[in-house]
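The values are calculated or read from the model by the stated rules, or taken from the named source; none is laboratory data. All of these numbers come straight from a predicted model, not from anything done at the bench. So basically every Cβ, Gly included, is an ideal-geometry build from the backbone, and we count neighbours across all protein chains shown. Accessible surface is based on the protein model in full, side chains and every heavy atom, while ligands, DNA and RNA are left aside. Shrake-Rupley method; radii C 1.70, N 1.55, O 1.52, S 1.80 Å.
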Amino acid sequence: GFKTCVLTNNWVDDGAGRLFTATLLNLLRRHFDLVIESCRLGAQKPDPQIYTYTLDALQVKPQEV
């Protein structure tokens, strides 16, 4: 066991390409334990808050990733 995660800086897409983005994220979710989207958290990389959230969500310590 390894846990896998996608941590993305993204935004809520209301443009014409939103179906592609939604489809891509659905595909990613099938292959990773966790997908974290900055637009849903209200924080983005390199804000330390997004990394702290990710570590907590994965239940791991920084030295373990």
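List every residue whose amide H lies under 5 Å from the amide H of Val35, counting only residues 5 or more places away in sequence or on a different chain, with H placed 1.01 Å from N in the peptide plane.
Val6
Got the relative contact order for the chain handy, in percent, Cα pairs under 8 Å and 6 or more residues apart?
Contact order relative to length: 37 percent.
With charges set only on the Cβ (+1 for Lys and Arg, -1 for Asp and Glu), what does the dipole of the chain come to about its Cα centre, in debye to the nearest 20? Write down the numbers at each step before the final one.
On the way: 7 positive and 7 negative charges, 32 e Å.
Using Cβ point charges on Lys, Arg, Asp and Glu, the chain gives about 160 debye.
How tilted is helix 48-58 with respect to the longest principal axis of the chain? Cα atoms for both, answer in degrees (0 to 90, nearest 10).
Between helix and principal axis, roughly 80 degrees.
Of all accessible surface on the chain at a 1.4 Å probe, what whole percent is carbon and sulfur?
Carbon plus sulfur share of accessible area: 56 percent.
So what is Rg over Rh here for region 5-58, counting just Cα atoms and using Kirkwood for Rh?
Here the Rg-to-Rh quotient is 0.99.
Among Thr54, Ser38, Gly17, which residue has its Cα furthest toward the positive end of the charge dipole of region 5-58, with +1 on Lys/Arg Cβ and -1 on Asp/Glu Cβ?
Final value for the positive-end residue is Gly17.
By how many degrees, 0 to 90 and rounded to 10, does the Cα axis of helix 18-31 deviate from the longest principal axis of the chain?
That helix lies at roughly 30 degrees to the long axis.
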